[in-house]
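Here, each number is a calculation from the coordinates, and none is a lab measurement. Computed from a predicted model, the values in this text were never measured in an experiment. Here Cβ is always computed from backbone atoms with ideal geometry, including for glycine, and neighbour counts include all displayed protein chains.
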Amino acid sequence: MRMVTTLSVLVLGVGGIGHAVVTSLDTGIGRVDPFRDMKNRPSAGHGTNILVVGTDGRDKITPAEKMRYRLGGAGCRCTDTIMLVHISADRKRASTVSLPRDSYAEIPEHTDTRTGELHPKHPVKLNAAYAEGGPQLTVRTVEHMTGVKVDHYLEIDFTSFMRTVDAVGGVRICTAKPMKDTYTGLALPAGTHELNGGQALQYVRSRHIDGASDLGRMQRQQRFLAALIDRATSEGVLLNPVRFQEVVGSVLSSVRADEGFRTEEMLALAKAMRGFKAASSEFTSVPVAQASFPVKGLGSTVRWDPVKSKKLFRALREDKPLAPYATRSSVRKKLVEVSPQQIRVQVYNGTRVHGLGARVDSALRATGFRTTRAPLNWARRDVHRTIVWFDPRWDRSARSLATALPGAELRPVPGQGALLKVTAGTNFTGVLPVRAENAFQGEFGVVTGDQVICG
């Protein structure tokens, strides 16, 4: 998350604001050597791959903030967030892949840097790699799992995350339903919210909201990243020299990077990304075959889908976009509770207008609904107002579908089942684009930044 802020600062900084401030990154950033003595690494592909590791650290947060934002306890030598960010060779696209911290991993043979003890190859959860061998073992493990060569390493301490968010003026987050997590203290009613630094930290840390645990949290982190990019690039908040320096100071207080990621390379990267927008970013998580894979001695782990994950990382190596160009759109979509991709629909033509059923079916399918692709004629052909017929057990899906059909009427039919039925009436004017907060809700999918920010 802080890496994106860093890139935003650089992108805007090269526009003529404080070259000396940007140059100070060299002296302000802590340095690590994650590539020392590494052998048998993957072949380099096209573009730039950055491994972003967020570490747990809360020693700089005041006691009052710890109490207010539920940050009790001591920090640990562990990773809280792991992301692989790919910057395309043409510098027009950034692809972010979240790696679940509980992913089943096999750590390569290594020597413990603290004790000097030689450890053989063994299974762990991915976030344990940092605890055992720091940045170097983390990079080796990720490269082994993904087949993607890591070009740069950024390590981020979330303790000054709040200051960075406050420096850019906060971020705008939308939710279709209330969000509450008693562990972090997050309490957001449905609607649009401007989050300050502390609230943003609660939002990205929450994992007890919807039953999706860490997978759901990763998707919220991705939405937050998109919102942060949108705020930084669309409203010009970093063009103010004073605020610019505030953001730089906040970022520098907690970032560590490899020795090769110096100011010269950052500036060259930033200049090439001058036109970067929220739509230029795309987000996904590693496809999961089993979200709760038991392993003796480790407990429950996340097992990657071997076929889909290989396809994903091959796309990164070959510098290909993860989201098909056809899905890239600047159209702002209305927020709904249930993703269209999860809703099955049978369309009927309730009028004498030839081909109306096919038009409605096609429009719903283009928006993401899983239509039957076989519209039928309704028994009566004098329907004026479009009707959504639904089983009350699927009322949330019905409301989401009705939102996409302005002027539609909801009619419950107990026992109908999961398939929703739409009878198109003469008042049909078109389908309103809609989206859920988690567009794929557990399934593998890719979203672009402009698709998940507030409309």
query = Magnitude of the Cβ-charge dipole of segment 292-400, K/R +1 and D/E -1, about the Cα centre, nearest 20 debye?
reply = 180
remark   = Residue separation between Lys308 and Met67 times 0.36 nm, minus their alpha-carbon distance, gives in nm 82.6 nm
request  = Output the pairs from Lys92/Lys320; Lys39/Lys296; Lys39/Lys92; Lys121/Lys296; Lys177/Lys333; Lys149/Lys311 with a Cα-Cα distance over 21 Å in this structure; if there are none, say none.
outcome  = Lys39/Lys296; Lys39/Lys92
key: Virtual paramagnetic centre 7 Å along Cα→Cβ of Lys39, amide N under 20 Å, in segment 76-109   = 107-109
request  = Kindly state, to the nearest 0.05, the FRET efficiency for Glu117 paired with Val413, given R0 = 45 Å and r defined as their beta-carbon distance.
outcome  = 0.10
remark   = Under the rule rounded for a/c under 1.5, else prolate if a/b exceeds b/c, else oblate, using alpha carbon gyration tensor axes a ≥ b ≥ c, segment 84-207 is classed as prolate
task = Please work out whether segment 154-211 counts as rounded, prolate or oblate from its C-alpha gyration tensor, where a ≥ b ≥ c are the square roots of the eigenvalues and a/c under 1.5 means rounded, while otherwise a/b larger than b/c means prolate and anything else oblate?
result = oblate
